[in-house]
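Quick notes on the structure that follows.
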Amino acid sequence: MRMVEDIIIKPIITEASMDMLDSKKYVFKVQDRATKADIATAVEAMFKVKVASVNTINMKAKPKRMRYLEGKTASWKKAIVTLKAGSKSIAFFDGMI
């Protein structure tokens with residue numbers, strides 16, 4: 001059984017994700033094998049909020065080059081979590097607005 005802390009790796013803090021806070025949408029980097037149901041229960045357990053929907057995106061690896069060496073960045077999974085209208089906001093993001 002996976003722990004809640006294993007499913008949600010970290011929040012994504014960008015200009016685009018900060019603009020989505022007004023519509024109660026929060027962006028997280030999540031475990032590659034996590035399902036939408038796993039992500040919803042993890043967010044509800046960690047932050048004590050009610051989740052309306054979860055959208056996931058698999059971010060592909062990008063090619064990178066450093067002088068003579070060629071490689072790729074790691075691929076990862078992003079989740080956009082929408083909260084219900086009556087739910088409170090996540091306190092972690094409140095200080096960043």
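The values are calculated or read from the model by the stated rules, or taken from the named source; none is laboratory data. On a predicted model such as this, the values are computed, not experimentally measured, just so you know. With ideal geometry, Cβ positions are generated from the backbone for all residues, glycine too; neighbour counts draw on all protein chains shown. For accessibility, only protein heavy atoms count, side chains too; no ligands or nucleic acids. Shrake-Rupley method; radii C 1.70, N 1.55, O 1.52, S 1.80 Å.
Just a few scattered comments:
- In the stretch 39-64, residue surrounded by the most Cβ atoms within 10 Å (Cβ to Cβ) [restricted to those that are farther than 22 Å from Ser23 by Cα and under 13 Å from the mean Cα position of the chain (by Cα)]: Met59
- Qualifying positions in the stretch 30-64 - polar (S, T, N, Q) and assigned to a strand (DSSP E or B): Ser53, Asn55, Thr56, Asn58
- Selection within the stretch 65-83: residues that are over 30 Å from Asp19 (Cα atoms) and part of a strand (DSSP E or B). The member of this set that is least open to solvent (accessible area, probe 1.4 Å) is Gly71.
- Residue check for Val27: of a type in the set (Val, Ile, Thr), in a helix (DSSP H, G or I) and in contact (Cβ under 8 Å) with a residue 24 or more places away in the chain: no
- If the condition is being surrounded by 15 or more Cβ atoms within 10 Å (Cβ to Cβ) and among the basic types (Lys, Arg), then the stretch 9-28 contributes Lys24, Lys25.
- Ile90 being of a type outside the set (Ser, Thr, Tyr), touching a helix residue (DSSP H, G or I) at 6+ places or on another chain (Cβ under 7 Å) and touching a residue at least 24 places away in the same chain (Cβ under 8 Å): yes
- Pairs with Cβ under 6 Å, 6+ apart, first in the stretch 47-63 and more than 18 Å from Lys24 (Cα to Cα), second part of a strand (DSSP E or B) and open to solvent by 100 Å² or more (accessible area, probe 1.4 Å): Ala61/Lys72; Pro63/Lys72
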